[in-house]
Amino acid sequence: MRLIVTIFRGLRDVWRDARVRGLLVFVFSMIALATITFWLLEGWSLLDAAFFSVVTISTVGYGELVPQTVPGKLFAMFYILVGLGIFVAAASAVAEALLRRRDQDNDRNS
């Protein structure tokens, strides 16, 4: 139970940090932009386009969906190169904030 409380407090701290909040908003904006772009270029459903956008930016890459059009492939290459760095920066910032909160809670309980 203590772990869950620490995670929720850490997530609250994450949202209060303007830098982290900015990175998260940027990541979600990129995912939304990519979703709309793949929806328009590839003719996928919004769910499929969102799934592909999240799977691609997070580097999971299941391979179930692959852009078939030249514009879709070009956009995917751009999205991968730009999105990966932003995603990693946001994930690292969230992890750092959660670990900082855990250390603060451990110091108080010691």
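Quick check on Val54: is it among the β-branched types (Val, Ile, Thr), assigned to a helix (DSSP H, G or I) and free of Cβ contacts under 8 Å to residues at least 12 places away in the same chain? Spell out the reasoning first.
On the way: among the β-branched types (Val, Ile, Thr): yes; assigned to a helix (DSSP H, G or I): yes; free of Cβ contacts under 8 Å to residues at least 12 places away in the same chain: no.
Criteria not met by Val54.
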Would you point out the residue of the stretch 1-33, among those that are buried (at least 19 other Cβ atoms within 10 Å of the Cβ) and over 12 Å from the mean Cα position of the chain (by Cα), that is farthest from Asp105 (Cα to Cα)? Val14
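Does Ala49 satisfy being out of contact with any Pro (no Cβ under 8 Å at 6 or more places or on another chain), crowded, with 16+ Cβ neighbours inside 10 Å and of a type outside the set (S, T, N, Q)? Write out each step before concluding.
On the way: out of contact with any Pro (no Cβ under 8 Å at 6 or more places or on another chain): yes; crowded, with 16+ Cβ neighbours inside 10 Å: yes; of a type outside the set (S, T, N, Q): yes.
So Ala49 fits the description; yes.
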Could you check, for the stretch 69-78, whether at least one of its residues is more than 16 Å from the chain's Cα centre (by Cα), basic (Lys, Arg), surrounded by 11 or more Cβ atoms within 10 Å (Cβ to Cβ) and under 16 Å from Thr35 (Cα atoms)? yes
Output the residues belonging to the stretch 90-110 that are of a type in the set (A, V, I, L, M), under 30 Å from Trp39 (Cβ atoms) and surrounded by fewer than 16 Cβ atoms within 10 Å (Cβ to Cβ). Ala91
Between residues in the stretch 60-82 that are of a type in the set (A, V, I, L, M, F, W, C) and residues that are in a loop (DSSP other than H, G, I, E, B), which pairs lie under 8 Å by C-beta distance while being six or more apart or on different chains? Leu65/Trp44; Phe75/Pro67; Ala76/Pro67
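Any read-out appearing in this document is the output of simple, stated calculations on the displayed coordinates, not a laboratory observation. This one's a predicted model, so the numbers in the text were calculated from it and none came from an experiment. All Cβ positions, glycine included, derive from the backbone under ideal geometry; neighbour counts span all protein chains shown.
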